[in-house]
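Report on the following structure.
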Protein chains: 2
Amino acid sequence: MKTDLHTPDLIKELDKPEHARIRQEFREISYPRNALMFTPGHAEDCVFIVKKGRVRIYLAFEDKDFSLAILNRGDIYTTHTRAFVAALDDCTILAMPTAGFYRYMTGSPVFNRTVMGILGELLKQSFSIIESLVFKDVTQRLVEFLLYEARSHGTKGAEGVAMPIDLTMEQLAAVVGSSRQTVSTAINEMIKSGVLVKKTRGVYLVPNLEVLKDFPHCG
Amino acid sequence: MKTDLHTPDLIKELDKPEHARIRQEFREISYPRNALMFTPGHAEDCVFIVKKGRVRIYLAFEDKDFSLAILNRGDIYTTHTRAFVAALDDCTILAMPTAGFYRYMTGSPVFNRTVMGILGELLKQSFSIIESLVFKDVTQRLVEFLLYEARSHGTKGAEGVAMPIDLTMEQLAAVVGSSRQTVSTAINEMIKSGVLVKKTRGVYLVPNLEVLKDFPHCG
DNA sequence: GGGCATCTGTCGGGTAGCTGACAGAAAATA
DNA sequence: TATTTTCTGTCAGCTACCCGACAGATGCCC
């Protein structure tokens, strides 16, 4: 639901000469849009960094699925035994087996701290997701998601905060754990009430974050 | 929802002479039943081991709350910025500031691995919880919980697996994310259909785990 | 530009599960 | 043992939300 694994210039950092040794352990792999990148359980676990495109981490059960995170360029993640990983766009990642990663980790306190930080962050996000699922209804979960996107990927302009949300209603539903129809109506209610504005396909504008936060207001 | 931080003899291990130095960093603290042990946000983060009694980790929002885990003797956990920690019984813990714990960690690869393992386990559990919340209904979540308890704390007898579930319907509801009433009726349906037997207050018996697993069966 | 595929908005029916209420059972306290 | 507190079971009403259906919009490809 929330993605905050972005280490500003992880990729640039890795391209510096002093990290050449580590860098060369990463294999660059590309996937076409919608490709399944990793499935739970099998194959060797991987640590990977997104170089291009968006990557979706999700749980699936029968014919439903639920997005845990949508990674952007620079985000780092590790495969684990429960989640699926798929390409939301054509994308490229830098991947390395977890085992090899651990070797570097035990050698370097800095590296170690980084990994612990990532795990901790991941855990915090998980709790946020649980909190939303248990205590909030669909509309509130949508609001949380929009606020998060606005703050993390939005750009402030004269009319408010503009942000790219390049997801279909169905994909959005998978993020907040709801159905296409319910999300569609909820988003439209927000638009009608003016707390959200649709600029173009995939780009929305929030005139006022505070007002969005306590939607739906009295009435 | 699921608790598997039990390292068989963590407490005995810690009492061995070779660990005396670490052991003395832990402070022993006791709390009465229902006491709030840690709240999110404030005070210093702690790593702690349960020595006596049960400890509940939970999220709270307005007047609702949701249990993330119920720790038993020997379980280890770390405070973090989101969850509350309360005493389910009169209990005693061994606690140590997270910062100090980290110092030992960086020095010792074994220690390090242990902590990484705990974090990983915690993450896995979180995903299990999310999966249940998103994909399963209340009855199925209850079944999962009962199966988990049976496997982890049950004792196999002639009539099936007996296990202690010393929780009120309300506490059980907090574990599966539902209401007292709904849980009460669901449990009684199980009892009526024979997949679950109430031995005495706080002790239940599962005649057959497989049958419980696919409750409710056809009809 | 025409046609196909995907995406969107909306309506109506069905249902899981929440809430409040209340009486009876069990435990705790005296 | 008597009394109070907590816990349990069950009912009825309500609501959020899921699902199927379908028409209209939008984007994509030859």
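Each value in this text was obtained by applying a stated rule to the coordinates, not by laboratory testing. The shown structure was predicted, so the numbers you read here are calculated from the model rather than taken from an experiment. Heads up, the Cβs are rebuilt from the backbone with ideal geometry, glycines too, and the neighbour counts pull from every protein chain shown.
Please work out which residue is farthest from residue B:140 (Cα to Cα), limiting yourself to segment B:179-212 and to residues that are β-branched (Val, Ile, Thr) and in contact (Cβ under 8 Å) with a residue 12 or more places away in the chain.
Within segment B:179-212, the subset β-branched (Val, Ile, Thr) is B:182-183, B:185, B:187, B:191, B:195, B:197, B:200, B:203, B:206, B:211.
Those left that are additionally in contact (Cβ under 8 Å) with a residue 12 or more places away in the chain: B:182-183, B:187, B:195, B:197, B:203, B:206, B:211.
On the way: B:182: 12, B:183: 11, B:187: 11, B:195: 13, B:197: 17, B:203: 20, B:206: 15, B:211: 13 Å.
Filtering first and then ranking leaves B:203.
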Original post:
Assuming residue A:104 fulfils every condition listed in (1) in a helix (DSSP H, G or I); (2) closer than 30 Å to residue B:65 by Cβ apart from one, which condition is it?
Top reply: (2)
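Does at least one position in segment A:148-158 carry a residue that is in a loop (DSSP other than H, G, I, E, B) and among the hydrophobic types (A, V, I, L, M, F, W, C)? Steps first, please.
To start, the set of residues in segment A:148-158 that are in a loop (DSSP other than H, G, I, E, B) comprises A:154, A:158.
Those left that are additionally among the hydrophobic types (A, V, I, L, M, F, W, C): A:158.
There is at least one residue in segment A:148-158 that is in a loop (DSSP other than H, G, I, E, B) and among the hydrophobic types (A, V, I, L, M, F, W, C).
Looking only at segment A:166-219, filter to residues that are of a type in the set (Lys, Arg) and farther than 25 Å from residue B:131 by Cα; which one of those is nearest to DNA strand D (Cβ to nearest atom)? Lay out the reasoning, then the answer.
First, pick out the residues of segment A:166-219 that are of a type in the set (Lys, Arg): A:180, A:192, A:198-199, A:201, A:213.
The next check asks that each one be farther than 25 Å from residue B:131 by Cα; those that pass are A:192, A:198-199, A:201, A:213.
Details: A:192: 16, A:198: 10, A:199: 11, A:201: 4, A:213: 17 Å.
So, considering only residues that are of a type in the set (Lys, Arg) and farther than 25 Å from residue B:131 by Cα, the one nearest to DNA strand D (Cβ to nearest atom) is A:201.
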**OP:** Filter segment B:144-181 for residues that are away from chain A (no Cβ under 14 Å) and within 12 Å of DNA strand C (Cβ to nearest atom) and give the result.
**Re:** B:166, B:168, B:169, B:170, B:172, B:180, B:181
**OP:** Consider residue A:98 carefully, then state whether it is out of contact with any Pro (no Cβ under 6 Å at 6 or more places or on another chain) and within 13 Å of chain B (Cβ to nearest Cβ).
**Re:** yes
**OP:** Being more than 8 Å from chain B (Cβ to nearest Cβ) and more than 30 Å from residue A:144 (Cβ to Cβ) is the filter; apply it to segment A:103-125 and report the residue that is surrounded by the most Cβ atoms within 10 Å (Cβ to Cβ).
**Re:** A:105
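Tell me which residues, restricted to segment A:36-81, are more than 14 Å from chain B (Cβ to nearest Cβ) and either free of Cβ contacts under 8 Å to residues at least 24 places away in the same chain or at positive phi (or both). Give the derivation first.
Just the residues of segment A:36-81 that are more than 14 Å from chain B (Cβ to nearest Cβ), to begin with: A:36-39, A:42-44, A:46, A:48-56, A:70-76.
Residues satisfying the conditions are A:42, A:43, A:53, A:74.
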Subject >> Residues that are in contact (Cβ under 8 Å) with a residue 40 or more places away in the chain and at the interface with chain A (Cβ under 7 Å from one of its Cβ atoms), drawn from segment B:127-141 >> reply: B:129, B:133
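Being hydrophobic (A, V, I, L, M, F, W, C) and surrounded by fewer than 20 Cβ atoms within 10 Å (Cβ to Cβ) narrows it down to one of A:211, A:195, so name that one.
A:211
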**OP:** Scan segment A:129-165 residue by residue and report those that are more than 11 Å from DNA strand D (Cβ to nearest atom) and of a type in the set (Lys, Arg).
**Re:** A:151, A:156
